[in-house]
1. Please report the carbon-and-sulfur percent of the accessible area for the chain; probe 1.4 Å, protein heavy atoms only, DNA, RNA and ligands left out.
2. In the neighborhood of residue 79, defined by Cβ-to-Cβ distances under 13 Å, what is the net charge if each Lys or Arg adds +1 and each Asp or Glu adds -1?
3. Given a Förster distance of 35 angstrom, what is the FRET efficiency for residue 77 paired with residue 112, based on the Cβ-Cβ distance and rounded to 0.05?
4. Taking the chain as a Gaussian network, where each spring joins two C-alpha atoms under 10 Å apart, which residue of 12, 45, 68 fluctuates the most?
5. Keeping all protein chains in place, calculate the accessible area per residue for segment 5-75 (probe 1.4 angstrom), answer in Å².
6. Which whole-Hz ³J(HN,Hα) couplings does segment 75-86 yield from phi under the Karplus relation 6.51 cos²θ - 1.76 cosθ + 1.60, θ = phi - 60°, glycine and proline marked x?
7. Could you size up the charge dipole of the chain around its Cα centre, putting +1 on the beta carbon of Lys and Arg and -1 on that of Asp and Glu, and report it in debye to the nearest 20?
8. Quote the FRET efficiency, to the nearest 0.05, computed for residue 34 versus residue 70 with a Förster distance R0 of 35 Å and r equal to the Cβ-Cβ distance.
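The values are calculated or read from the model by the stated rules, or taken from the named source; none is laboratory data. Keep in mind the model is a prediction, meaning the values are calculated, not measured. Note: ideal-geometry Cβ built from the backbone for every residue, glycine included; neighbour counts use all protein chains shown. Each accessible area value is taken on the protein alone, full model and side chains, heavy atoms only, with ligands, DNA and RNA left out. Shrake-Rupley method; radii C 1.70, N 1.55, O 1.52, S 1.80 Å.
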Amino acid sequence: MKFDELLMDTFNESLERCQTDPHFLTLFYKKFVISNPEVQEKFSNTDMEYQKMMLHASLYMIMLATRNNDAAEAYLDRVAKRHSKSALDIRPELYDLWLETLIETVKEIDSIFNDDVENAWRTVMTFGIDYMKSKYDD
Ligand code: HEM
């Protein structure tokens, strides 16, 4: 898939504003964990500081995977398999909640949030999420 350059610039600039704010991923996980008991249960034994670092990296990796970067595609494949039914068993519906929580968080953190920024996040993240969901039954 070819992503529009303007959309990618909008995404990258917002990603940078968010990732440089130390509250971004703390706030995201705070919201996500309380959003649903199943999510809370999945993270009950997780080192959340480490988890934040992993998500920090994977947001860049999803962005690079939209550009068909080989290393990023291999990374996304490994992360998708780790979330599949036979491993962490993350049901596909939970990704929709994940995305809505992420958008809510970006809206709070990014001082120049607008409809274009929201659309850019949704487009880029949906690329990663669709891939993760497609590997659920593997
Ligand atoms: C596109 C969306 C997502 C991305 C990019 C992502 C990314 C990651 C990454 C990079 C890891 C670390 C994998 C490793 O240790 O090798 C991880 C672990 C994990 N993720 Fe996700 N994740 C996503 C969605 C979700 C969702 C929807 C859930 C639902 C609860 C979830 C639950 C978990 C859990 C439970 C772990 C393991 C934590 C532990 O080690 O205790 N993830 N995720």
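1. Values: 4230 of 7870 Å².
After summing per-atom areas, the C and S share lands at 54 percent.
2. Details: positive: 78, 81, 82, 133, 135; negative: 73, 77, 138.
Local net charge: +2.
3. Values: r = 33 Å, r/R0 = 0.95.
So the FRET efficiency works out to roughly 0.60.
4. Of 12, 45, 68, the most mobile in the Gaussian network model is 45.
5. On the way: 4070 Å² over 71 residues.
So segment 5-75 comes to 57 Å² accessible per residue, rounded to a whole number.
6. 4, 4, 5, 5, 5, 4, 5, 5, 8, 6, 3, 7
7. Working: 16 positive and 26 negative charges, 99 e Å.
Roughly 480 debye, rounded to the nearest 20.
8. Numbers: r = 37 Å, r/R0 = 1.07.
Plugging the Cβ-Cβ distance into 1/(1 + (r/R0)^6) gives 0.40.
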